[in-house]
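Shown next, in structure tokens, is the structure this report addresses.
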Amino acid sequence: MRARLLIELAAAALAGMALGGAATAQDASAAADTNAAVTGIQAAPAFTAAQLLQLPRENWLTNGGNLFNQRYSPLTLINRENVGQLKALWRAGMGSGTGPGNAGQAQILEYNGTLFVSNGANDVFAIDVETGRILWTFHGNPAPGSGTPMGHSNRGVALGDGKVFVGQVDARLTALDQRTGRIVWQVQTEPWQDGFSITAAPLYYDGLVIQGLSGGELGVRGRVKAYDASTGTLRWTFYTVPGPGETGHDTWPQQGDAWEHGGAAVWQTPAVDPELGLIYFSTGNPGPNLFGSVRKGDNLFTVSIVAVEAKTGKYRWHFQQVHHDIWDYDSPNPVVLFDTTIKGRKVKGLVEVSKTGWAYILDRVTGKPLIGINERAVPQEPRQATAATQPYPVGDAIVPQQIDIVPEGALVDEHGRLPNDGRIFTPYFDRQVMVKPATMGGANWPPSSYDPQTHTLYVCATDRISTFVSKDPGAPGPNKVYMGGSFGQAEANDRGIFAALDVTTNKLVWRQSWRELCYSGSIVTAGGILFTGRADGRLTALDTRNGAKLWEFMTDAGVNTTATTFENKGKQYVVVHAGGGVFANGKRGDGIWMFSLDGNIPSLALPGAARRGPGAGPGGASAALPIPATTRPANAQQGAAIYRNACLPCHGETGSGGTGGGKSLLEGQSHDTILAVSSAGRNNMPAFKSTYSADDLNDVTAYITTVLQTHK
């Protein structure tokens, strides 16, 4: 049975077919009219606020499950007692999205028996729930050169008024006919050539499509834009870096144009309170990330939670989580809304967990803390224009915020101690400094989930040590990386952290560590189950009470996104995209996996990686790697193009370290070492031998050793 399944999986991956159904993948533009007649897809209405606010049962209508972004299901057909019987019903292969820069991060939407999902290639698919048959395909075809240095990722679509809405990495926002996949309208939100891109899933609400833009590492001024869902007409724009005369502009230098390149990207789908008429989102780092001297001041509204009016985009309030950030401590985790009682008072709350590792719990009416957040003095570095104080939430941190043991190779004082013991907010400038948490977090973009019955927030996070050093980035330019230094990883193992937090007290309920990174979102159900993925390819079910693992299933690629659950014709289903990704070393894949209690496809074998020993981090043990055999001399010019697509997100434009915290390539590594590791992979470095030929990898190695290493 297992051998037959592996053969079927290989065939499905190559042919874009579905296990359990005769799949086809039609180009929507070529077969739109036929599709409308034969697919039987039901067009969604212009959903009301009440419909989008309901807890999801038969349908999963928004990226966050409902407008509160809680990712909570009231379903109980799958529960603690029977989840161990869960098996796969089918696997559908999308046939795209497996490139080296792609990441499978989209949460799947479901409406009346049809799934809607995007992938890292910016392609969109409609898939039949019962059979896995692909009903239509839209090929996004983003512009070459767009999306770097973050790679190509897409966190999902929005649904409403008979349309599927998708933001693309080249900053286009597209509305598709829900029944056919044909383009209804398409707008260029901003020029990708200026560094803009779209990663977050859009939000459909009240006849608008609301979309946050990315590009904070490329010197853009962040913004959220709202478009008419019927026509694509722009309705409003909110700039996450205020201009002259706007609230918060005085937190930027008043001379020069630093604010015009100030960053504050929006990486996630906003939450909405229809009663208050407000949308809520959190923002990314300022630009340049690591060179604070060119942007003296607190730099609003970077690394902030912001509330604006849904109809107009008018500013209502903000809370800044990190003043004058120089650690890339942005806030990509989605804002979650909740109603509860704190200290005997009923409150309308929100919570957002940042890369700092803290949960920021606020009154969503006023933006004031519901549980104390104290300003505390922090160490200073005048050359970085550091803020005098930083906000410290009262309660428990999700991850450690201090280095307990000095890593090998660290710069230490005469007593063998790290500067400030590597605590959070330790400043740096021209000498490398190590700090916890790292640039990966804390909590990164993978969404948290919230149980409204127990008022518990479930958080995926990372325990890692980052290294920082600053360097003048020069003047910003169109589509130019604007970092102002580099960061990397210490020679120490990473840990994944999965935690349960009581939002009424900001205290941990339970917490567990994983040997590998935690880089997957979660959903929680009334059946007492948390579903969350693993980078090694597993989808797991945990007991909400204590985190005990109740079930696991090995797919064929990294599960670095968030599962979806819903009821259809009296049965509860769980579905997830196994697509892998850039930063967690998840194997790339194109699979959509559907699970049910009457599924009959067993788990693939759990590989050694699922139970591996030492070696999870950059300093772990590893055997000597074979050097691939090449057939021609290396071509560094060709290698430069491969480097930009495959290596830049983790290792940076110059090889000194990038957003993913990859090891510096400028430390004298030999040609043979780089070639062997790029082929076979090591620790958090993925294996590229299945993506590129040995000659291709030899080309990129030559670019690193003859260009980057000689110009460091």
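The values are calculated or read from the model by the stated rules, or taken from the named source; none is laboratory data. No experiment lies behind these values; they were computed from the predicted model shown. Cβ atoms come from the backbone with ideal geometry, glycine included; neighbour counts cover every protein chain shown. For accessibility, only protein heavy atoms count, side chains too; no ligands or nucleic acids. Shrake-Rupley method; radii C 1.70, N 1.55, O 1.52, S 1.80 Å.
Counted as qualifying within the stretch 396-467 are the strands (runs of 3 or more DSSP E) with 3 or more residues that are in contact (Cβ under 8 Å) with a residue 40 or more places away in the chain and not acidic (Asp, Glu), namely 456-463.
Selection over the stretch 408-425 of residues that are crowded, with 20+ Cβ neighbours inside 10 Å and within 29 Å of the chain's Cα centre (by Cα) gives a count of 3. Among strands (runs of 3 or more DSSP E) entirely within the stretch 40-158, having at least 1 residues that are hydroxyl-bearing (Ser, Thr, Tyr) and touching a Phe, Trp or Tyr at 6+ places or on another chain (Cβ under 6 Å) singles out 134-138.
Examine the stretch 171-179 for a residue that is polar (S, T, N, Q), within 17 Å of Thr62 (Cβ to Cβ) and more than 21 Å from the chain's Cα centre (by Cα), and state whether such a residue exists. There is at least one residue in the stretch 171-179 that is polar (S, T, N, Q), within 17 Å of Thr62 (Cβ to Cβ) and more than 21 Å from the chain's Cα centre (by Cα). Of the numbered criteria (1) closer than 29 Å to Leu53 by Cβ; (2) free of Cβ contacts under 8 Å to residues at least 24 places away in the same chain; (3) not hydrophobic (A, V, I, L, M, F, W, C), the one Gln188 fails is (1).
Kindly check whether there is at least one residue in the stretch 64-83 that is more than 22 Å from the chain's Cα centre (by Cα), of a type in the set (Asp, Glu), under 24 Å from Ile41 (Cα atoms) and surrounded by fewer than 24 Cβ atoms within 10 Å (Cβ to Cβ).
No, every residue in the stretch 64-83 fails to be more than 22 Å from the chain's Cα centre (by Cα), of a type in the set (Asp, Glu), under 24 Å from Ile41 (Cα atoms) and surrounded by fewer than 24 Cβ atoms within 10 Å (Cβ to Cβ).
Residue count for the stretch 377-394 satisfying the condition of being over 19 Å from Thr251 (Cα atoms) and open to solvent by 30 Å² or more (accessible area, probe 1.4 Å): 3. No other residue among Arg511, Arg545, Arg538 is without any contact (Cβ under 8 Å) to a residue 40 or more places away in the chain and either open to solvent by 10 Å² or more (accessible area, probe 1.4 Å) or among the charged types (D, E, K, R) (or both) apart from Arg545.
Specify which of the listed residues (Val157, Val169) is under 29 Å from Ser73 (Cα atoms), in contact with a Ser or Thr (Cβ under 6 Å, 6 or more places away or on another chain) and open to solvent by less than 10 Å² (accessible area, probe 1.4 Å). Step through it out loud before you land on a result.
Values: Val169 fails: under 29 Å from Ser73 (Cα atoms).
Sole residue among the options that is under 29 Å from Ser73 (Cα atoms), in contact with a Ser or Thr (Cβ under 6 Å, 6 or more places away or on another chain) and open to solvent by less than 10 Å² (accessible area, probe 1.4 Å): Val157.
The residues of the stretch 477-498 that are on the phi > 0 side of the Ramachandran plot and open to solvent by 20 Å² or more (accessible area, probe 1.4 Å), listed by number, are Asn479, Gly485.
Within the stretch 548-564, being closer than 21 Å to Arg511 by Cα and surrounded by fewer than 24 Cβ atoms within 10 Å (Cβ to Cβ) holds for Ala548, Lys549, Leu550, Trp551, Glu552.
Could you tell me whether Pro286 is within 26 Å of the chain's Cα centre (by Cα) and closer than 20 Å to Thr312 by Cβ? No. Selection of the stretch 589-626 for residues being modelled with pLDDT under 70, open to solvent by less than 20 Å² (accessible area, probe 1.4 Å) and among the hydrophobic types (A, V, I, L, M, F, W, C) yields Ala610, Ala616.
Among the residues of the stretch 572-597, those identified as in contact with a strand residue (DSSP E or B) (Cβ under 6 Å, 6 or more places away or on another chain) and aromatic (Phe, Trp, Tyr) are Tyr573, Trp593, Phe595.
Condition check ((1) part of a loop (DSSP other than H, G, I, E, B); (2) under 17 Å from Pro437 (Cβ atoms); (3) open to solvent by 30 Å² or more (accessible area, probe 1.4 Å); (4) among the charged types (D, E, K, R)) across all residues:
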{"site": "Leu350", "(1), (2), (3), (4)": "no, no, no, no"}
{"site": "Thr356", "(1), (2), (3), (4)": "yes, yes, no, no"}
{"site": "Tyr360", "(1), (2), (3), (4)": "no, yes, no, no"}
{"site": "Gly367", "(1), (2), (3), (4)": "yes, no, no, no"}
{"site": "Ile371", "(1), (2), (3), (4)": "yes, no, no, no"}
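A Cβ distance below 6 Å, combined with a sequence gap of six or more or placement on separate chains, defines the contacts here; from the stretch 683-699, residues that are closer than 19 Å to Arg632 by Cα and part of a loop (DSSP other than H, G, I, E, B) reach residues that are modelled with pLDDT of 70 or more and open to solvent by less than 30 Å² (accessible area, probe 1.4 Å) in the pairs Phe688/Ser678; Lys689/Ser679; Thr691/Pro100. Taking the stated definitions as given, is His323 at pLDDT 95 or above, over 26 Å from Leu53 (Cα atoms), open to solvent by 20 Å² or more (accessible area, probe 1.4 Å) and not acidic (Asp, Glu)? Judged against the criteria, His323 is a match.
When you go through Leu350, Leu370, Leu362 one by one, which is the residue that is hydrophobic (A, V, I, L, M, F, W, C), closer than 30 Å to Leu67 by Cα and touching a Lys or Arg at 6+ places or on another chain (Cβ under 6 Å)? Result: Leu350 is the single residue among Leu350, Leu370, Leu362 that is hydrophobic (A, V, I, L, M, F, W, C), closer than 30 Å to Leu67 by Cα and touching a Lys or Arg at 6+ places or on another chain (Cβ under 6 Å).
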